[in-house]
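Some notes on the structure that comes next.
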């Protein structure tokens, strides 16, 4: 199937370039293709493989969430869409070069950095960002050498969002639950030999401010062979506040209260607990000063009310012994190109409803536009919004569509002269088939390729046997 | 074939008719001798008095379910469906803008709809997993459901499914929907 060959037709419709092949990029493309029958959309992605956090962020034991890949595949296979992997925008090609070749450029490159705790000892061995830990078990090539040491009994996770709960669940889940998923083989083996038995998930504020959603909390409560270890003192006054809460917050809080009350099977080997009103102030090194052996937490009290409740220090401190510390306090976007405005305080590209500030023809969607929160559905709605705004601008004449733009033809020619080895969607499909094949022999959904060079080699392999 | 069409027309006619008049003698079904007595209890219960030879007539009478989708711009899109149809698949078949990202596996909330109140009561209670996903849907209301979990039954005839207006562009006052 000649998915990639498209540029020979002299199309006079709008040509749009999307930077980033994750959910934001694909949903923006989907909406553009639907709204304009003459639009051609090209997606550029830094990795050889598409799908972004759907592939590298969603937990291995949440395969249904990844069903959205089928929709994205349909978009990529659309005759007016083409995917170009292994292209590093900002390095292999600049934003200005893209803007010259396309009528509009949409930035959908997400958040590849993480917020740091900003405390002493943060760089000691044994401390990881949740982004890297998740990347490790999900096969992100840049995290394949993480080698987290899982030989300690207690792990402390800072942050209480869905990512924190995913990490806790993967650390404590029975290996049987993971061994048929698409978790990487080396992560699976490391977890099978893990000595981690207790995971504390720590938040600055109180139970009513917890950022995770009920599905993930329920999965912790129902985790086999584990019990919940909560501090009833953290929940003072919560029962009385229940009746005034909106439904989602109420159900979530009720589930937490149930976990506090019931605790779980005392004979359970493993335990997990939520700890509230605590902020990390220092990672404590062990006697040999070589690695993390504990964490010092400051106790907080809450000031304010409603949405603007904030944590204030009380001066009290608490030390927790632990050998694995995972900081899950948020991802962070980084600037891609000096030509693009960037707000370093909010770590997003400044924009008005998706139109990049002071830059005609440049748009953004997804986390780089709004900040790194929300699930796939949130990004979907947001991407649809940006696409609609772009279409509006086309129809209002704000983008000069009368000028013919060369689109992918010009860019791929440029990339070739620069020695960039692009991966087309049909070539991703070969990589995909290889991963499924390797997975099958291990009894798993897939075994992800961890090495970019290996991915590039596979893309050229001609599959002569179809089965 | 003509009789088939006639009876089909008669069914929808009768459904409207029975609310107005209880006079069997003017009803086409009675005249065509295919009345099943369903009109007697006003088409409100699935366990109706069935004739001894229940067959294709019953299929005609009870399998058709009319549903109206109201899209994000307020446009009404009436759709003819059948008992057993899945509301999300029905929407896709008719080009209604319901995403269904997780393909009906209760792992997202993109097929969120509001159900007309008199039909909302007739739906079976949502399972816990559906409620958990609904909690994440923006603009949740009392009559919110995930359309991938709605299977059409005869008593849902006339149901209206409204798509929530979730886009930010809609909020001209700059209101930002809550994350998650």
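The values are calculated or read from the model by the stated rules, or taken from the named source; none is laboratory data. None of these values were measured; they are calculated from a predicted model. Neighbour counts run over all protein chains shown; Cβ positions are idealised from the backbone, glycine included.
Of the residues making up the range A:235-251, one or more are part of a loop (DSSP other than H, G, I, E, B) and touching a helix residue (DSSP H, G or I) at 6+ places or on another chain (Cβ under 7 Å).
Conditions (1) part of a strand (DSSP E or B); (2) over 26 Å from residue A:124 (Cβ atoms); (3) in contact with a helix residue (DSSP H, G or I) (Cβ under 9 Å, 6 or more places away or on another chain), marked per residue:
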| site | (1), (2), (3) |
| --- | --- |
| A:264 | no, yes, yes |
| A:267 | no, yes, no |
| A:280 | yes, no, no |
| A:293 | yes, no, no |
| A:300 | yes, no, no |
| A:307 | no, yes, no |
| A:346 | no, yes, no |
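On the basis of being away from every other protein chain (no Cβ under 12 Å) and modelled with pLDDT of 95 or more, does residue B:104 make the cut? No: the conditions fail for residue B:104. Just one of the listed residues (A:200, A:231, A:242) is surrounded by 15 or more Cβ atoms within 10 Å (Cβ to Cβ) and either modelled with pLDDT of 95 or more or away from every other protein chain (no Cβ under 14 Å) (or both), namely A:200. Considering A:189, A:254, A:216, the condition of being out of contact with any strand residue (DSSP E or B) (no Cβ under 7 Å at 6 or more places or on another chain) and crowded, with 19+ Cβ neighbours inside 10 Å is satisfied by A:216 alone.
Could you go through the range A:44-54 and let me know if any residue there is under 26 Å from residue B:109 (Cα atoms) and in contact (Cβ under 8 Å) with a residue 60 or more places away in the chain. Yes, the conditions are met somewhere in the range A:44-54. Among the residues of the range A:408-465, what is the count of those that are in a loop (DSSP other than H, G, I, E, B), in contact (Cβ under 8 Å) with a residue 40 or more places away in the chain and over 30 Å from residue A:101 (Cα atoms)? Looking only at that region, the number is 10. Looking only at the range A:153-168, decide whether some residue is touching a strand residue (DSSP E or B) at 6+ places or on another chain (Cβ under 9 Å) and surrounded by fewer than 21 Cβ atoms within 10 Å (Cβ to Cβ). Scanning the range A:153-168 turns up at least one residue that is touching a strand residue (DSSP E or B) at 6+ places or on another chain (Cβ under 9 Å) and surrounded by fewer than 21 Cβ atoms within 10 Å (Cβ to Cβ). Note on the range B:91-110: among residues that are under 15 Å from the mean Cα position of the chain (by Cα) and part of a loop (DSSP other than H, G, I, E, B), the one that is farthest from residue A:214 (Cα to Cα) is B:94.
For the range B:69-90, the candidate set comprises residues that are part of a loop (DSSP other than H, G, I, E, B) and within 14 Å of chain A (Cβ to nearest Cβ); within that set, the residue that is farthest from the chain's Cα centre (by Cα) is B:73.
State yes or no: is residue A:254 under 26 Å from residue A:146 (Cα atoms), within 13 Å of chain B (Cβ to nearest Cβ) and not in a loop (DSSP other than H, G, I, E, B)? The answer is no for residue A:254. Residue check: is residue A:210 crowded, with 20+ Cβ neighbours inside 10 Å and closer than 30 Å to residue B:140 by Cβ? Judged against the criteria, residue A:210 is a match.
Among the residues in the range A:307-323, are any surrounded by 13 or more Cβ atoms within 10 Å (Cβ to Cβ) and either assigned by the TED database to the domain that holds residue A:92 or within 20 Å of the chain's Cα centre (by Cα) (or both)? Taking every residue of the range A:307-323 in turn, none turns out to be surrounded by 13 or more Cβ atoms within 10 Å (Cβ to Cβ) and either assigned by the TED database to the domain that holds residue A:92 or within 20 Å of the chain's Cα centre (by Cα) (or both).
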